[in-house]
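K.L.:
Here it is, the structure in full.
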Amino acid sequence: MRMKSTILIVDDNEDVLTTYRIVLERMGHEVTEAHDGLECLGIIEESPPDIVLLDVLLPGLSGGEVCRRIKETAKTKDVPVIAITASMSGATRKAMEEVGADEFLLKPLNVSDLNRVIKKYS
């Protein structure tokens, strides 16, 4: 039997957070939410999740900066970071790969892609 993962969703859009939370909870996962990069880093420092779903475009700290900090911290460097964006340009992808993003998902949410990625890192 597959273990339940703790997944942190980081997005400033309430509708996106709600959609991802519902889908992930139906898959049997525990879900935590953050609305911006600083909130994300605070949650991770306290209790690292199994997986982070990270919006690339966040207010304040960018998704790239948040990913870089996660990957530079010994306690969290092995936590998979899945970058989520509405526009996956080559430059965006390269920038996120450089800061350590493990995988990429496009908005709007494709449930089968999300399920595949979560299974890969669970």
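K.L.:
Return Lys107, Lys4, Lys94 ranked ascending by Cβ neighbour count within 10 Å, so the fewest neighbours appear first.
P.N.:
Starting with the residue having the fewest Cβ neighbours, the order is Lys94, Lys4, Lys107.
K.L.:
Determine, for Arg93, Arg68, the number of other Cβ atoms within 10 Å of each Cβ, and report the residues in order from fewest to most. Spell out each step's value before the answer.
P.N.:
Values: Arg93 15, Arg68 18.
Ordered by Cβ neighbours within 10 Å, fewest first: Arg93, Arg68.
K.L.:
Would you list which lysines come within 30 Å of Lys4, measuring only between C-alpha atoms, while excluding same-chain residues fewer than 8 positions from it?
P.N.:
Lys71, Lys75, Lys77, Lys107, Lys119, Lys120
K.L.:
Show that you can apply the helix-only estimate: for the chain, add -39,500 (n - 2.57) for every DSSP H stretch of four or more residues, divide by all residues, and state [θ] at 222 nm to the nearest 500.
P.N.:
It lands at -13000 deg cm²/dmol.
K.L.:
Taking neighbour counts of Cβ atoms within 10 Å as a proxy for exposure, in what order, fewest first, do Leu38, Leu17, Leu58, Leu53 appear? Walk me through the numbers before you get to the answer.
P.N.:
Working: Leu38 14, Leu17 19, Leu58 22, Leu53 27.
Sorted ascending by nearby Cβ count, the order is Leu38, Leu17, Leu58, Leu53.
K.L.:
Given (i) 35, 30, 20; (ii) 82, 36, 34; (iii) 35, 30, 25, which label gives Cα extents along the principal axes in Å as computed from the coordinates?
P.N.:
(iii)
K.L.:
At 7 Å along the Cα-to-beta-carbon direction for both Ser89 and Glu72, put a label point, then send me their distance in nm to one decimal.
P.N.:
Each label point lies 7 Å from its Cα, and together they span 2.4 nm.
K.L.:
A further question on this structure: Can you give me the distance in nm between label points at Glu46 and Glu97, each placed 7 Å from the Cα along the Cα-to-Cβ direction?
P.N.:
Inter-label distance under the simple model: 3.6 nm.
K.L.:
Just report the Cα centroid separation between region 1-64 and region 77-107, whole Å.
P.N.:
Between the Cα centres of region 1-64 and region 77-107 lies a distance of 14 Å.
Read-outs throughout are calculated quantities, based only on the coordinates presented, and are distinct from any laboratory measurement. Please read these numbers as outputs of a predicted model, since none were measured by experiment. We place every Cβ from the backbone using ideal geometry, glycine too, and count neighbours over all the protein chains shown.
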